[in-house]
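Here is the structure we will look at.
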Amino acid sequence: MNPIQQQESGYSGNNPPDTPESGPKPRNLISEVWDWAKTVVIAFVIMMLLNLFVFNLSMVKGQSMQPTLYEKERLFVDKIVYNFKAPSQGEVVVLRDPSNGPDKKEFLVKRVIGTPGDTIEVKDHKLYVNGQLQVEPYTEVEIQDPDFGPLTVENDHYFVMGDNRHKDASKDSRSFGCVSTKEIVGRAEFIFWPVSQIRGL
């Protein structure tokens, strides 16, 4: 073959023909594990930040909110809602236990009964807010504890009670007083566990 024919054929006699490029090299195991670990850590940090500042998942302990909530039910708690609005009467909230004593808990779940300026009174086992008898479909019995008040809720404070109105069933504002805004962690939005009890509050 002459030099012209060699050039037309795509290679010279001094150079071997081009070989096909090999495919991408497989990633080694250490690289795969490292990428997986980074993803897990990032997801964990994001969840921790959301849990710290945006929402919380809480478990009901005790019977003070029956029949609305039962022990070991899990709640989704919105922790930022009260950055934009004040708690309203009837909302279910999670708060830091302001009481002292051997039965003190870290958190309590209660219902807002009175807002700043409201006058609360329990008379003849019935609840009155600003002199108006309250209709409470979330309770199952009349209040069985002694009568209370009247008490006027001070500024930046809230009067809370448990839905369980049986005698001595709820530790609430009747015993530890009104709670300040800073003691309220967030609003309980819905039950997410068990699945059979999923519902809004």
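Filtering the range 61-85 to residues that are assigned to a strand (DSSP E or B) and among the aliphatic types (A, V, I, L, M) leaves Leu75, Val77.
For the range 109-125, the candidate set comprises residues that are basic (Lys, Arg) and crowded, with 16+ Cβ neighbours inside 10 Å; within that set, the residue that is farthest from Glu73 (Cα to Cα) is Arg111.
Would you pick out the residues in the range 146-157 that are modelled with pLDDT of 95 or more and either part of a strand (DSSP E or B) or buried (at least 17 other Cβ atoms within 10 Å of the Cβ) (or both)? The answer is Phe148, Pro150, Leu151, Thr152, Val153, His157. The residue list Ser58, Ser99, Ser88 contains one member that is surrounded by 15 or more Cβ atoms within 10 Å (Cβ to Cβ), of a type in the set (Gly, Ala, Ser) and either at pLDDT below 90 or part of a loop (DSSP other than H, G, I, E, B) (or both), which is Ser58.
Condition first: closer than 15 Å to Ser64 by Cβ and either surrounded by fewer than 14 Cβ atoms within 10 Å (Cβ to Cβ) or among the polar types (S, T, N, Q) (or both). Can you find one or more residues in the range 126-135 that meet it? No.
When the range 61-77 is filtered for residues that are in contact (Cβ under 8 Å) with a residue 60 or more places away in the chain and buried (at least 17 other Cβ atoms within 10 Å of the Cβ), the ones remaining, listed by number, are Ser64, Met65, Gln66, Thr68, Leu69, Glu73, Leu75, Phe76, Val77. On the stretch given as the range 158-197, residues that are under 26 Å from Asn83 (Cα atoms) and either more than 22 Å from the chain's Cα centre (by Cα) or assigned to a loop (DSSP other than H, G, I, E, B) (or both) total 7.
The values are calculated or read from the model by the stated rules, or taken from the named source; none is laboratory data. All of these numbers come straight from a predicted model, not from anything done at the bench. Using ideal geometry, Cβ is built from the backbone for each residue, glycine included, and neighbour counts are taken over all protein chains shown.
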